[in-house]
Number of protein chains: 2
Amino acid sequence: MPVGTRGSVKGILPELVRATGAQIVLNNTYHLMLRPGSELIQKMGGVHRFMNWPGPILTDSGGYQAYSLSDMNKVDDDGVTFKSIIDGSNVRLTPERAMQVQNELGPDIMMAFDDCPPSAAEAEDGDKRLVRALARDRVQTEDAGRQAGSARDTELAKKKNTLTHAQRLELANHRTIRWLERCKAAHARPDVQALFGIIQGGTDLAQRSWCVERVCNIELPGYAIGGVAVGESPDAIATVVRHTAPLMPDAKPRYLMGVGYERDLLIAVRAGVDMFDCVLPTRNGRNANAFTRTGQIRLRNAQYQLDQLPIEPGCDCLACDPARHGHATPDGQPFTRGYLRHLFMAGEMLGPILVSLHNLRHFQRFMADVRQTIQSDDWAGLLARYPVAA
Amino acid sequence: MPVGTRGSVKGILPELVRATGAQIVLNNTYHLMLRPGSELIQKMGGVHRFMNWPGPILTDSGGYQAYSLSDMNKVDDDGVTFKSIIDGSNVRLTPERAMQVQNELGPDIMMAFDDCPPSAAEAEDGDKRLVRALARDRVQTEDAGRQAGSARDTELAKKKNTLTHAQRLELANHRTIRWLERCKAAHARPDVQALFGIIQGGTDLAQRSWCVERVCNIELPGYAIGGVAVGESPDAIATVVRHTAPLMPDAKPRYLMGVGYERDLLIAVRAGVDMFDCVLPTRNGRNANAFTRTGQIRLRNAQYQLDQLPIEPGCDCLACDPARHGHATPDGQPFTRGYLRHLFMAGEMLGPILVSLHNLRHFQRFMADVRQTIQSDDWAGLLARYPVAA
């Protein structure tokens, strides 16, 4: 799934997203609820009409961004409170509110509101961030004469800091199950919007086992593995996915959130995962990094200055083979690496657009090949075509 | 002609530029000669192949930007020296160099290197800029121990300042004629690249008469009116164009450079002008200003927040009627004003893209209607369809 965070796959017309082979796109609840707001999108006919995307849409629950994008967030047993990145106001997300917002947005698949604990490394960074944020908040709070609130924050922080990483994972798992039950109960339109549950547990396989059993005991149209695209090593991702995916029901879609590179995707598919989302194709595309079968190339490099080849010879994307897409160009030639380099050096929007289109197509084509390989079982053949996935 | 300053109509794929009805695009020699350089573009097969545009291309001479984009430029009888906006290095443009650069770029139409004098208002501003620039330059020069150069600059500035506006126009006209003869002599590929001469003279009609006679006495495939899109009032543009265009040869294309709004275009067509270029459709599109038959609308305005209409009902552009362009959308609906407002408020690239597409189509459709009206002679009918042009 290409990611259209704010209701737009950055710089790409919906029809051109479709032309890359994408069947479904992801929107981020966190961003859309803050701006323009889920009520507005509901009044505009729902997120499909809003962004003019004719296919299915999946939204996340907003929880992950509420944890990760806000310096100052407070998770409690009932939900999370965070400061809006738009206007600094306090925003509250609970399982019930996450369902209400996604019911208003109207995607085909909505994600449960879970407690996504930080990875061990992140937890350490997070402690430092928390100390800074508390110091800042204390100054502001004292200015306003609200010492009581500040004292409460400090208590909370102390409590947070007294939990070991293992305890934090366990707490998150318990919350995730309780919150999932509340999500299912609060979901207003289960007939037309599929709610997926999310399995947490960090890199602790016992916690994953505990969580997958309880999440999948709750009858839902699909299940997801969360909390593996938060800074873990590829090996850690592989270990968690290989352990968890086979424990999920066979007959329901299995979705690995926020993954990833070709190698990670391949490992996950072979472990039984069906669905993925990732910002890599568009984010890296905007930074002039193009994916190819043999690895990424950096189009800003001086070596491409006079290069008349397409990003990847043989690629059927709009940038590499515009004639195939009905675009008239001199002699049907591609957009060359030399031209793309110029666009990036000059800060021209068309550079990010063309490389995003190429990267989206790269991943769609790779996944189409993976689907065929599931039939043929010729994984060596796939790796020969995509050395990058080895 | 849509403007593709740096070899790209900002944010718009060439095929989508074509789909707006554009037959030819303009590139700016000044920008392309500084980055990536005309030699590089020549090695890449010329500007058509470089930017992947299958139709004709026109380039300006670089002179106008050398005057207007550089705080510190020195015009003399042989050409202009300016500081590069890319790296601050000194760049020299002469008639011969302007031809060499455009021969290397390889457009179908190339413009003569002329002396475009500032308008009266600009001249006053320019004097202030010059004083500031000289002060800055003096400090730098003294740091480097090159007092001699600084003294020369000051002399030059004094000389510039002693010219009245009328004298400056006259000087520019004499240079423009001498330089045009040098351009024609230096042009290496007159068989495949059409060189257009440019008529200057500011808002002084006697100077325009003097210039148009001498420029059009030099046998060339086309002629242009320059120096009217440099800050003059619409009335001043109209007066100059109505005076000058009828004095240009009937059988050759007449090109009014850098114009403009619908009203200006209409006045110029009725005075006999055939060709135009302007950044308005794309520049205003990037700023959320959409052109309509009744005037511009600002899509950032709160009034459009819940607006489900297209930018302009009845418009056949890709933003207003994507289904007509083969784009699948829910119920073939348009990109709504409410969605476009959201894209601009969120800083999403797709906003500038969609409104630029609409604006380009608006001007192409308007000009197509103007061409039909030349046949029908029903100018009242045109104004009824386009009140904005009245």
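Here are some notes:
- B:Thr373 being more than 12 Å from chain A (Cβ to nearest Cβ) and more than 20 Å from the chain's Cα centre (by Cα): yes
- The single condition among (1) at pLDDT 95 or above; (2) crowded, with 18+ Cβ neighbours inside 10 Å that B:Glu232 does not satisfy is (1).
- Within segment A:10-33, considering residues that are under 24 Å from A:Ser61 (Cβ atoms) and at the interface with chain B (Cβ under 10 Å from one of its Cβ atoms), the one nearest to the chain's Cα centre (by Cα): A:His31
- All positions within segment A:201-251 that are assigned to a loop (DSSP other than H, G, I, E, B) and within 18 Å of A:Ala120 (Cα to Cα): A:Gly201, A:Gly202, A:Thr203, A:Asp204, A:Gly226, A:Gly227, A:Val228, A:Ala229, A:Val230, A:Gly231, A:Glu232, A:Ser233
- Filter result (touching a residue at least 60 places away in the same chain (Cβ under 8 Å) and assigned to a loop (DSSP other than H, G, I, E, B)) within segment B:317-351: B:Cys317, B:Leu318, B:Met349
- Residues that are more than 14 Å from chain A (Cβ to nearest Cβ), surrounded by fewer than 23 Cβ atoms within 10 Å (Cβ to Cβ) and in contact with a helix residue (DSSP H, G or I) (Cβ under 7 Å, 6 or more places away or on another chain) within segment B:44-68 comprise just one, B:Gln65.
- Every listed requirement among (1) surrounded by 21 or more Cβ atoms within 10 Å (Cβ to Cβ); (2) closer than 25 Å to B:Ala236 by Cβ; (3) touching a Phe, Trp or Tyr at 6+ places or on another chain (Cβ under 9 Å) is met by B:Ile267 save one, (3).
- Qualifying positions in segment A:69-115 - over 14 Å from A:Arg182 (Cβ atoms), small (Gly, Ala, Ser) and buried (at least 17 other Cβ atoms within 10 Å of the Cβ): A:Ser70, A:Gly106
- Comparison of A:Arg254, A:Arg208 shows that the only residue that is within 27 Å of A:Glu181 (Cα to Cα), in contact with a helix residue (DSSP H, G or I) (Cβ under 8 Å, 6 or more places away or on another chain), among the charged types (D, E, K, R) and assigned by TED's automatic domain parsing to the domain that holds A:Arg175 is A:Arg208.
- With respect to the conditions (1) of a type outside the set (Lys, Arg); (2) under 20 Å from B:Asp60 (Cα atoms); (3) touching a helix residue (DSSP H, G or I) at 6+ places or on another chain (Cβ under 6 Å); (4) surrounded by fewer than 19 Cβ atoms within 10 Å (Cβ to Cβ), B:Ala185 lacks only one, and its number is (3).
For every residue, the table says whether it meets (1) farther than 30 Å from A:Ile41 by Cβ; (2) at pLDDT below 55.
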residue: A:Met99; (1), (2): no, no
residue: A:Gln102; (1), (2): no, no
residue: A:Ser119; (1), (2): yes, no
residue: A:Glu122; (1), (2): yes, no
residue: A:Arg146; (1), (2): yes, yes
residue: A:Arg152; (1), (2): yes, yes
residue: A:Asn161; (1), (2): yes, no
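- When A:Met110, A:Met1 are checked against the criterion of being closer than 17 Å to A:Phe196 by Cβ, touching a helix residue (DSSP H, G or I) at 6+ places or on another chain (Cβ under 8 Å) and away from chain B (no Cβ under 14 Å), A:Met110 stands alone in meeting it.
- Residues located in segment B:6-30, provided they are surrounded by fewer than 20 Cβ atoms within 10 Å (Cβ to Cβ) and not basic (Lys, Arg): B:Glu15, B:Ala19, B:Gly21, B:Gln23, B:Ile24
A quick yes/no check of all residues on (1) in contact with a strand residue (DSSP E or B) (Cβ under 7 Å, 6 or more places away or on another chain); (2) at the interface with chain B (Cβ under 8 Å from one of its Cβ atoms); (3) not basic (Lys, Arg):
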position	(1), (2), (3)
A:Cys317	no, no, yes
A:Thr336	no, yes, yes
A:Glu348	no, yes, yes
A:Gly351	no, no, yes
A:Val355	yes, no, yes
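- Checking B:Leu306, B:Leu354 one by one, the residue that is assigned to a helix (DSSP H, G or I), among the hydrophobic types (A, V, I, L, M, F, W, C) and not assigned by TED's automatic domain parsing to the domain that holds B:Asp235 is B:Leu354 and no other.
- If you go through segment A:31-44 and keep only what is touching a Gly at 6+ places or on another chain (Cβ under 8 Å) and within 14 Å of A:Pro107 (Cα to Cα), you end up with A:Leu32, A:Met33, A:Ile41, A:Gln42, A:Met44.
- Given (1) out of contact with any Gly (no Cβ under 6 Å at 6 or more places or on another chain); (2) surrounded by fewer than 17 Cβ atoms within 10 Å (Cβ to Cβ); (3) part of a helix (DSSP H, G or I), index of the condition B:Gly314 fails: (3)
- Inside segment B:26-73, residues that are at pLDDT 95 or above, under 19 Å from B:Phe276 (Cβ atoms) and aromatic (Phe, Trp, Tyr) make up a count of 1.
The values are calculated or read from the model by the stated rules, or taken from the named source; none is laboratory data. This is a predicted model, so every value here is computed, not measured. Reconstructed Cβ throughout: ideal geometry from the backbone, glycine too, with neighbour counts over all protein chains shown.
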